[in-house]
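Here the structure is laid out as structure tokens; the discussion comes afterwards.
The values are calculated or read from the model by the stated rules, or taken from the named source; none is laboratory data. All values reported here derive from a predicted model rather than from experimental measurement. A quick note on method: Cβ atoms are made from the backbone with ideal geometry, for glycine too, and the neighbour counts reach across all protein chains shown. With ligands, DNA and RNA removed, areas are computed over all heavy atoms of the protein, side chains included. Shrake-Rupley method; radii C 1.70, N 1.55, O 1.52, S 1.80 Å.
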Amino acid sequence: MTATPGLRAAIYARYSTDKQKDTSVEDQIRLCRRLCEQKGWQVTEVFTDHALSGKNTLRPGYQRLIQAAECGQIDIIVAESQNRLSRDMADSATLLKRMSFFGVKIHTASENELDDMKVGVSGLVSTMFLKDLAQKTRRGLEGRVSKGKSAGGIAYGYRVKREILPDGTLSTGDRKIEQDEAAVIKRIFRDYADGLSARTIAAALNAEAVPAPQSGKGTGVWNPSTVSGNIKRGTGILNNELYIGRLVWNRLTYDTNPDTGKRLSRLNPPEDWITEDVPGLRILDDQLWQAVKTRQGEVRQAMNPAGVLTERPRLERARRPSYLLSGLLRCACCGASYTLINKTRYGCAGARNKGAAVCTNRATIGRTEVEERVLSGLKQRLLAPDLLAQFAEEYRKAFNDAAAGACQDRQKAEHSLKKVEGRIANILTAIEDGMYTASMKDKMSELEGEKARLEAVIADNPEPPALRLHPSLSARYRELIEDLAGSLNAPEVRRQATASLRALISEVRIVPDADAPGGHQLELVGELAGIMSLGSAESKKPPLVARAWSETVVAGVGFEPTTFRL
């Protein structure tokens, strides 16, 4: 690409894992700035992502880069290499196609300007590299497992064992039993075999301040799931076969969801599992292990007397929240979720599952009462006159924004058409002045063809109609808000409306208060608080600013303005 001075350039930098450092991003930015100086480009934006894989397109910095390009804020994207933008061949091709549509070029320090061929070749190389790396990594891990070594991660009850090898290097993958943790494991198995539940065991361990497993996403406290886990997947203390000297590998396969970029696990067929005996790592005897397996079977049978024992649903197929505020309620005392303890009432999951050592809040509140108090508070605030006017204004802005996006092609075509017509006029002027050459004929034909194409684009994208607000728009808004619960539960919009409302509420804090209705005060947290603050007489912030801030409001009786915590 011939360097075009004055282009607005956006730099993008990324590194993949938390094992790398921010200096990697700094080095990339420095390299890209030097390239922009050489080309005469003006750096207007710098976008970065830290410790995020290039296979995931939902990176915050990457998404802001795309948005800036689509809004016409930049002319060229500059990166160290293509794989910084994406390591997926399909995603790279899609990015190039979208940027070409918006007239934004992509330039890297290693490949210069990207085109279809470079993207295809580089994407293919990256894909082959990742597959080859995965195969080699798997082969190496399988070799370690065959020797009884760890294939990654240390289970609770063990610690790393380091020895100096004959060649002077340190051994890797070796483990030895951690006696204090092994005693806890034996206790858990004995208690469960004697009839205690996983919840009771976890609460007792927390009460005694017994250190919990810290690996992975450990929270520092014992949970029932830490003890019981998933019997089919071999997770949880009670299902780890390493405790009886049996190392099981390849039980799970990990795949990345192409839509979300999240890594999900799937259970492999038992015939694909690789098992090795490691008697030196045995903690339990067969009798105690079998007693626990027998009780697990009895519990499952009691929970499912019909015998239809099915695996838990996969994460990507998980059902949506059952109720309007499911998953949003939090205990103000310990931060744990408020969950249904029966069909009608919410209670603190921390106090119920982890014991008094974690939380002493045993108060409960009815599900319908929580929903009614939140919705009634919202209804009162959303019917404020300022919000009625703001609703109409935001509708107008949304309409205009949509119209602007729809006529973007028309505006670009009109701009280009003016340039083409100017060049045609210049050629005609030159001919009139006697400066005709043979090449002018071909150039004139080319320009006339481009003019016809642009006129066709303009004809296919007519001007959007002027916005006319219906006189009953405010009345319709009031009608919907008056019946807020009915609006949210209407079959045709229930899923979308509920999702939109939940997106505006970060959480609802449940504060135990014996003097409050239902024994609780409710604190609503999230962007919805900013919207509601528009209806407050004390609000002095401009509407757009108030909407953008994340604020806290108290949902007491009727959402009195005096209880707003701004």
message = Can you give the local net charge around residue 4? Use residues other than it whose beta-carbon is closer than 15 angstrom to its beta-carbon, Lys and Arg +1, Asp and Glu -1.
response = 0
ask   = Separation of the stretch 149-223 and the stretch 410-427 by C-alpha centroid, Å?
value = 73
note = Computed curve, the stretch 37-159, Cα-only Debye sum without solvent term, log₁₀ I(q)/I(0) at 0.11, 0.18, 0.19, 0.21 Å⁻¹, is -0.50, -0.95, -1.03, -1.21
task = Find the centroid of the Cα atoms in the stretch 41-73 and in the stretch 329-344, then give the distance between the two in whole Å.
result = 38
note = Once amide hydrogens are built 1.01 Å from N within the peptide plane, the residues lying 5 or more places from residue 329 or on another chain with amide H under 5 Å from its amide H are 338, 508
Placed amide H near residue 47: partners under 5 Å, 5+ positions off or other chain = 11, 12, 13
key: Computed over the stretch 106-224, Kirkwood Rh from alpha-carbon pairs, angstrom   = 19.0
inquiry  = For the stretch 175-229, what does the accessible surface come to per residue with a 1.4 Å probe? Please give it in Å².
reply    = 52
Dipole of the stretch 135-183, positive direction: furthest Cα of 160, 146, 177, with charges on the beta-carbon = 146
query = Which entries of 97/131; 39/419; 55/354 show an alpha-carbon separation above 31 angstrom in the structure shown?
reply = 55/354
remark   = Computed ³J(HN,Hα) along the stretch 434-443: with the Karplus parameters 6.51/-1.76/1.60, θ = phi - 60°, integer Hz and x for glycine or proline, the list is x, 9, 5, 10, 5, 6, 5, 5, 5, 5
inquiry  = So, for the stretch 86-129, what is the accessible surface per residue at a probe of 1.4 Å, expressed in square angstrom?
reply    = 55
request  = Quickly rank 329-336, 445-452, 431-438 as a protection proxy: mean count of other C-beta atoms within 10 Å, highest first.
outcome  = 329-336, 445-452, 431-438
note = With a ≥ b ≥ c from the Cα gyration tensor eigenvalues, square-rooted, and the rule rounded for a/c under 1.5, otherwise prolate when a/b > b/c and oblate otherwise, the stretch 148-207 is prolate
request  = Rank-order 95-104, 140-149 by packing density, defined as the average count of other C-beta atoms within 10 Å over each peptide's residues, highest first.
outcome  = 95-104, 140-149
note = On the formula 1/(1 + (r/R0)^6), with r taken between the Cβ atoms of residue 414 and residue 112 and R0 of 30 Å, the FRET efficiency rounded to 0.05 is 0.40
task = Quick one: pull the percent of accessible area on the stretch 1-92 belonging to carbon and sulfur, 1.4 Å probe, ligands and nucleic acids left out.
result = 45
query = Under a plain spin-label model, where a point goes 7 Å from the Cα along Cα-to-Cβ, how far apart in nm are residue 460 and residue 371?
reply = 4.8
ask   = Among the trypsin sites (Lys or Arg not before Pro) within the stretch 217-299, which fall in a DSSP loop and have no more than 10 other Cβ atoms within 10 Å of their own Cβ?
value = 217
